[in-house]
Amino acid sequence: MSGATLFPALALLLTTCIAHAGWLHKDADIMGTRISVELFHDDPAVARRGVDAVFEEMHRIDRDMSPWIATSELSRLNREAAQHPVAVSDELFELIRTSVHYSRLTHGAFDITFASVGFLYDYRKGVHPDEPERRAATELINYRNLVLQAQGHTIAYSKPGVRIDLGGIAKGYAVDRSIRLLQALGIHQALVTAGGDSRMIGERWKGRPWNIGVRDPRDEHKLVAVIPLENVAVSTSGDYERFFEEDGIRYHHIINPASGDSARGMHSATLIGPDATTTDALSTSVFVLGVERGLALVNSLPNIDAILVDAQGHLHYSEGLLAADRGEDIVKTPATPAAR
Ligand code: AMP
Ligand code: MG
């Protein structure tokens, strides 16, 4: 997992319980990211069914919502919605509606129309738009350019050139869907991860909680914090996940909708909350908002916490975590200083 890591108190214990006590673990690459499932059930057949159900669901959501698959529902929307309203599935309509909710909540920091400029970047090839291109395309970023019609579940784009991409919320949504499928199968101890988004249900092992480790954004082998948690979702957005550097400037995949350029206020934002759709949308949002505005938002929301690593490598905790820290539950290590 890219940002926050989950591991039991003793690695050895984990190996033992996977091998002997009905735990199953599987990893695969889907949606351009690493998917991982760990779950427990007394009946190994049910456990296997659970793992299969999660991977099928991840594939299904990828087929429907990937902007890179020409036949996906989302690609069709991007091709046609500037010409006429397009009727979409209830599921896609609801996820786009949820995305617009987060745009309003974050005053536009979260905006799926970021893709109107986002497609001009290629992080693998080291490509970014030049200044006039970026400025022109940034004009098109605005969630208000999406016209949602509840009746008939249609979506239209009010300007040509507008595009959407659900990369900031769909992985968390897929994790939540997976957890719901597992619960329907009677599985109540599980961890599902899609890239930087995870959700865990049930206690980990004989009353011990899961431990969440937040990685150092500039050193993948180092953790800057370890927190024991249960029954929560955790998402990390980081500037190290997809990026390239040019003339000392880091171009990465989280776009500030106001500028069309990468957001550069911090190195990583880890959000903790009740479900992964929420933590996914909020981790991207808080990353864009920066430390001060991001923490103000987090502290105003019930049941949401955050650990931020700022652009100097300093850690910041939400009020809820500072309160929890009284019992010294959180193990902290300084992050690698900035300028790397
Ligand atoms: P995450 O790792 O959850 O922060 O997701 C990053 C992904 O979110 C990027 O790869 C884009 O697909 C998408 N994204 C980038 N900037 C934004 C933004 N300002 N609002 C919504 N989604 C975004
Ligand atoms: Mg996100």
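Suppose all protein chains stay in the model; what accessible area per residue would a 1.4 Å probe give for segment 201-284, in Å²?
35 Å²
Give the lysines reachable from LYS26 as a straight Cα distance under 29 Å; neighbours fewer than 8 places away on the same chain don't count.
LYS171, LYS206, LYS222
What list of ³J(HN,Hα) values in whole Hz, one per residue of segment 111-124 in order, does the Karplus curve 6.51 cos²θ - 1.76 cosθ + 1.60 (θ = phi - 60°) give from phi, with Gly and Pro shown as x?
Taking θ as phi minus 60°, the curve returns 7, 5, 7, 3, 5, 4, 10, x, 6, 7, 9, 9, 6, 6 Hz for segment 111-124.
Could you check how much of the accessible area of segment 128-257 is carbon and sulfur, as a whole percent, using a 1.4 Å probe?
46 percent
Counting each DSSP H run of 4 or more residues in the chain as -39500 (n - 2.57), what helix-only mean residue ellipticity at 222 nm follows after dividing by all residues, to the nearest 500 deg cm²/dmol?
On the way: 10 runs with 113 residues, N = 340.
Estimated from H runs of four or more residues: -10000 deg cm²/dmol.
Per residue, how large is the accessible surface of segment 39-90? Use a 1.4 angstrom probe and give square angstrom.
Heavy-atom SASA per residue in segment 39-90 reads 54 Å².
Could you order the peptides 31-42, 258-269, 75-86 from most to least packed, using the average number of other C-beta atoms within 10 Å per residue?
Sorting 31-42, 258-269, 75-86 by mean packing, highest first, produces 258-269, 31-42, 75-86.
The values are calculated or read from the model by the stated rules, or taken from the named source; none is laboratory data. Note that the structure is a prediction, hence the values are computed from the model and not measured. A quick note on method: Cβ atoms are made from the backbone with ideal geometry, for glycine too, and the neighbour counts reach across all protein chains shown. Calculation scope for accessible area: heavy atoms of the full protein, side chains included, ligands and nucleic acids excluded. Shrake-Rupley method; radii C 1.70, N 1.55, O 1.52, S 1.80 Å.
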